[in-house]
1. Going through region 182-206 one residue at a time, which ones are closer than 28 Å to P171 by Cα and assigned to a strand (DSSP E or B)?
2. Based on this model, can you work out whether G51 counts as closer than 23 Å to R10 by Cα, without any contact (Cβ under 8 Å) to a residue 40 or more places away in the chain, in a helix (DSSP H, G or I) and of a type outside the set (A, V, I, L, M, F, W, C)?
3. From the list R10, R22, which one is free of Cβ contacts under 8 Å to residues at least 40 places away in the same chain, in the same structural domain as A79 (by TED's automatic domain parsing) and closer than 30 Å to D197 by Cα?
4. Being surrounded by 13 or more Cβ atoms within 10 Å (Cβ to Cβ), out of contact with any strand residue (DSSP E or B) (no Cβ under 6 Å at 6 or more places or on another chain) and not aliphatic (A, V, I, L, M) is the filter here, so list the residues in region 213-230 that pass it.
5. Among the residues of region 131-179, how many are touching an Asp or Glu at 6+ places or on another chain (Cβ under 6 Å) and among the polar types (S, T, N, Q)?
6. Any idea which of (1) small (G, A, S); (2) more than 25 Å from D119 (Cβ to Cβ); (3) outside the structural domain of G137 (by TED's automatic domain parsing) is the one S190 doesn't satisfy?
7. Can you pull out every residue in region 27-60 that is acidic (D, E) and either in contact with an Asp or Glu (Cβ under 9 Å, 6 or more places away or on another chain) or not assigned by TED's automatic domain parsing to the domain that holds S99 (or both)?
8. Could you look through region 210-246, keep only residues that are assigned to a loop (DSSP other than H, G, I, E, B) and over 19 Å from D24 (Cα atoms), and pick out the one that is nearest to the chain's Cα centre (by Cα)?
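The values are calculated or read from the model by the stated rules, or taken from the named source; none is laboratory data. All values derive from a computational prediction rather than experimental measurement. Because the Cβ atoms are built from the backbone with ideal geometry, glycine has one as well, and the counts that use them run over all protein chains shown.
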Amino acid sequence: MPDAIFGHPRVARVYDPLDPDRSDLDTYMDLVDEFEATAVLDVGCGTGTFGSRLAMERGLRVLGVDPAGASVAVARTKAGADQVMWLVGIAVDVAADASNLGQYDLATMTANVAQVFVDDDGWLANLRAIRTCLRPGGHLAFESRVPSDRAWERWTKELTHQVVDVEGEGPVEDWVQVTRVDGELVTFESPTIFLADGERIDSTSTLRFRTREALERSLLTAGFSGTEVRDLPYAPGRGWLVIARA
């Protein structure tokens, strides 16, 4: 089940105003150009910012898939959204449709998407499904935080608290607070409070901070033929940009 921050309709509608800076997506736009991609599979598309941007700025064929129906509903309202195919589901669902097999030049998992797969079976199933949807020689690109940077130590209410005036909702308050660290697993709470009427919607998420070696090994196990790990351009020293060839 998707976390409430993505799956609750009211929270999904304010997700973009609460996190408006998506300059991180420039990294993936550059990869589209580098690999001369014409068809992109965006796994964990969320509210559709990247997919709509690809369609509008590059005129590409795009399929955005996400298990959070509320987020996909927001995606469908954006400029350029009518040029994108949207699916509520996961990569395994995409691969279950034979018409998607071997159809994409590039698959992406932006932001936290790759780290939401906390168990190995689910992660490998996701990778294998993506690989079958890529054309021979196509690429998968995703990011993952460097564990030694200990990013979770900065996920506190004191450092993340904000109140944003959202059109149609008024002031909305949110923050992030880590509640548990268990090996590679980091669990945190991210409440959203609508101050105009006092409604509070709580969301709990867990991310897995895999090592570089574990990421590379899982990609080989899933059938990718080669892996390149780059420094993440928008967070140098704090994240990896992982690129795997089908």
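1. Looking only at region 182-206, we keep the residues that are closer than 28 Å to P171 by Cα, and these are 187-206.
Once the filter is applied, which keeps residues that are closer than 28 Å to P171 by Cα and assigned to a strand (DSSP E or B), region 182-206 yields T187, F188, E189, T192, I193, F194, E199, R200, I201, T204, S205, T206.
2. Details: closer than 23 Å to R10 by Cα: yes; without any contact (Cβ under 8 Å) to a residue 40 or more places away in the chain: yes; in a helix (DSSP H, G or I): yes; of a type outside the set (A, V, I, L, M, F, W, C): yes.
It is true that G51 is closer than 23 Å to R10 by Cα, without any contact (Cβ under 8 Å) to a residue 40 or more places away in the chain, in a helix (DSSP H, G or I) and of a type outside the set (A, V, I, L, M, F, W, C).
3. Working: R10 fails: free of Cβ contacts under 8 Å to residues at least 40 places away in the same chain.
One residue alone meets the criteria, R22.
4. Hits for region 213-230 are R217, S218, T221, G223.
5. 2
6. All conditions pass for S190, except number (2).
7. First, pick out the residues of region 27-60 that are acidic (D, E): 30, 33-34, 36, 42, 57.
Of everything in region 27-60, those that are acidic (D, E) and either in contact with an Asp or Glu (Cβ under 9 Å, 6 or more places away or on another chain) or not assigned by TED's automatic domain parsing to the domain that holds S99 (or both) turn out to be E36, D42.
8. Residues of region 210-246 that are assigned to a loop (DSSP other than H, G, I, E, B), as a first pass: 210-211, 222-225, 232-238, 246.
Okay, now just the ones that are also over 19 Å from D24 (Cα atoms), so 210-211, 222-225, 246.
Values: R210: 16, T211: 19, A222: 20, G223: 22, F224: 20, S225: 23, A246: 20 Å.
Once the filter is applied, the top-ranked residue is R210.
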